[in-house]
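Okay, structure first, notes after.
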Amino acid sequence: MYTHLQRDASRSPVTLATLARMKAEGEKIASLTCYDASFAVLLDAADVDVVLVGDSLGMVIQGHSTTVPVTMDQMVYHCACVARGTHRPFLIGDLPYMSYPSREVALTNSVRLMQEGGVQMVKLESGGKQTDIVEFLAGHDIAVCAHVGLKPQSVHKTGGFRVQGRERETAVRLLEEARRLESAGADIVLLECIPATLGKTIAAELHVPVIGIGAGPDTDGQILVTYDMLDITTGRKPRFVRNFMAGSADNLEALKRYVRAVKQREYPAPEHCF
Ligand code: KIV
């Protein structure tokens, strides 16, 4: 006999319209990653607004040293697990490494994440070259999140997990990329590991919600890898991670404290920023 997961289906689901309203009204968007149904139920109960089935699962679930080995079938499997556990949060699924090399392949794989995985939006690591793909997906009415800044799928090319946009030239390029991706139809822009000043500029310039991880306090929302903020992962944590398990009685309390800290602008604090 096992515990049957209970999900609360009484609250209205978060939609893109909800997120747009939150940006307009200055209410911060609290987001976390998730990879399975049990955590999905907890994140939903904690009132997390956006849940991302991130390809970070390659590192925190599968034990790889990068996200590169994660496959499309694995993403579909984890998205479906999470979708069965969530009701209220807006659900995003990551397109894994090389699953969007062309418009047609990106479309086929996005449809898989939505139809088989049950997500409402797909996320792809985006730079200049992916603008065309974002436009193509958006043209097929697929909700798209464009991931800008540190792009973990490119670490072998870019030389590791490093803060991006410290130099003026790179900062200008990242701002331009974010603008172009919004114009191409991205509905959310996610910024990873950039200076707080650049995060603030991009969030102020764009009309769509901008969610940051290590991008400072002024983005429209925050996201963390759940296993990091619950202190499940061992080893050296990135500077922007806060351990919400410290001082919490259980996982649910820690998740609720994270949501509260984001909404009340207590997280991220200066020590979590670049
Ligand atoms: O894969 C992932 O979990 C992500 C987050 C770190 C934003 O992209």
Restrict the check to the stretch 39-50 and report whether at least one residue is in contact with a Cys (Cβ under 7 Å, 6 or more places away or on another chain) and modelled with pLDDT of 95 or more.
yes
Selection over the stretch 240-254 where residues are surrounded by 14 or more Cβ atoms within 10 Å (Cβ to Cβ) and either within 26 Å of PHE161 (Cα to Cα) or in contact with a Lys or Arg (Cβ under 9 Å, 6 or more places away or on another chain) (or both) yields a count of 6
Single residue of MET59, MET22 found to be within 12 Å of the ligand (Cβ to nearest atom) and not in a loop (DSSP other than H, G, I, E, B):
MET59
Out of the stretch 44-56, which residues are away from the ligand (no atom under 11 Å from the Cβ) and more than 20 Å from TYR2 (Cβ to Cβ)?
ALA46, ASP47, VAL48, ASP49
Note on the stretch 77-99: residues without any contact (Cβ under 8 Å) to a residue 60 or more places away in the chain, within 14 Å of the ligand (Cβ to nearest atom) and not polar (S, T, N, Q) are HIS78, CYS79, VAL82, LEU91, GLY93, ASP94, LEU95, PRO96, TYR97
If you take the residues in the stretch 62-88 that are of a type in the set (Ser, Thr, Tyr) and in a loop (DSSP other than H, G, I, E, B), which one is nearest to VAL122 (Cα to Cα)?
THR71
Any residue that is crowded, with 20+ Cβ neighbours inside 10 Å and of a type in the set (Asp, Glu) - is there at least one of those in the stretch 203-214?
no
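Per-residue answers, yes or no, for (1) under 12 Å from ILE29 (Cα atoms); (2) modelled with pLDDT of 95 or more; (3) within 16 Å of the ligand (Cβ to nearest atom); (4) within 19 Å of the chain's Cα centre (by Cα):
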residue	(1), (2), (3), (4)
ILE211	yes, yes, yes, yes
GLY214	no, yes, yes, yes
THR219	yes, yes, yes, yes
VAL225	no, yes, yes, yes
LYS237	no, no, yes, yes
ASP250	no, yes, no, no
VAL262	yes, yes, yes, yes
Looking only at the stretch 74-124, count every residue that is of a type in the set (Asp, Glu) and touching a strand residue (DSSP E or B) at 6+ places or on another chain (Cβ under 6 Å) and tell me the total.
1
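The values are calculated or read from the model by the stated rules, or taken from the named source; none is laboratory data. Note that this is a predicted model, so its numbers are computed, not measured. A quick note on method: Cβ atoms are made from the backbone with ideal geometry, for glycine too, and the neighbour counts reach across all protein chains shown.
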